[in-house]
């Protein structure tokens, strides 16, 4: 079975531009989360979506937005890129959004974004 | 928010057992202890999760004392391919976002 897939693998943008990153969850998984990982640090939570609704948001500016589609895939959008947005962007999928279990999150390989 | 503390780095040799200890003094009743492994430029990979006592799977063991204020990830007979960053996290049903610290960088040498 395919794992979480992300596209593109690498991306180079300049300051002020906009970027869209894409994620396809594991088949059957309905929840998708996005994380940003700056070099040398652990991943930081950006968003979580379940059944097309936002279920959680981390401490990121409004330049960051996301959505989830009926097929459970997801997009992360970042506007007005800054140099500090250069990072590995990770997508993770989990089976459900149950309030009674700790669903394991499975990560994709990430998209390496470089802002010049 | 409950936090975890783990060593910044560890060194080992191939074939040795490696134990990485994580401190979580303020762990809550609903918290589970979860470990992830991450190779450079890849996404973190789930290793093991536990609530109390001992959990074991095909790649690792997790030891959790009765007070749950710490936990130890045990990797038996490490190989060069186990060189990675290991993250200890607290997860619960009410807090969906994973909170990663800086992790422990394990270097396995021949």
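The values are calculated or read from the model by the stated rules, or taken from the named source; none is laboratory data. Remember, it's a predicted structure, so these values are computed and weren't measured experimentally. A quick note on method: Cβ atoms are made from the backbone with ideal geometry, for glycine too, and the neighbour counts reach across all protein chains shown.
For this structure, a couple of remarks:
- Residue that is modelled with the lowest pLDDT [pool: residues in the range A:18-51 that are exposed (fewer than 13 other Cβ atoms within 10 Å of the Cβ) and farther than 14 Å from residue A:88 by Cα]: A:51
- Scan of the range A:1-12 for residues that are part of a loop (DSSP other than H, G, I, E, B) and surrounded by fewer than 18 Cβ atoms within 10 Å (Cβ to Cβ), ordered by number: A:1, A:2, A:3, A:8, A:9
- Selected residue (criterion: modelled with the lowest pLDDT) from residues of the range B:38-54 that are farther than 17 Å from residue A:103 by Cα and assigned to a strand (DSSP E or B): B:53
- Search result, residues across the range A:11-33 that are more than 10 Å from every other protein chain (Cβ to nearest Cβ) and closer than 19 Å to residue B:42 by Cα: A:11, A:12, A:21, A:22, A:23, A:24, A:25, A:26, A:32
- The requirement of being within 29 Å of residue A:7 (Cα to Cα), assigned to a strand (DSSP E or B) and at the interface with chain A (Cβ under 7 Å from one of its Cβ atoms) is fulfilled nowhere in the range B:64-86; no residue meets it.
- Selection count where residues are modelled with pLDDT under 95 and within 12 Å of the chain's Cα centre (by Cα), scope the range A:57-85: 2
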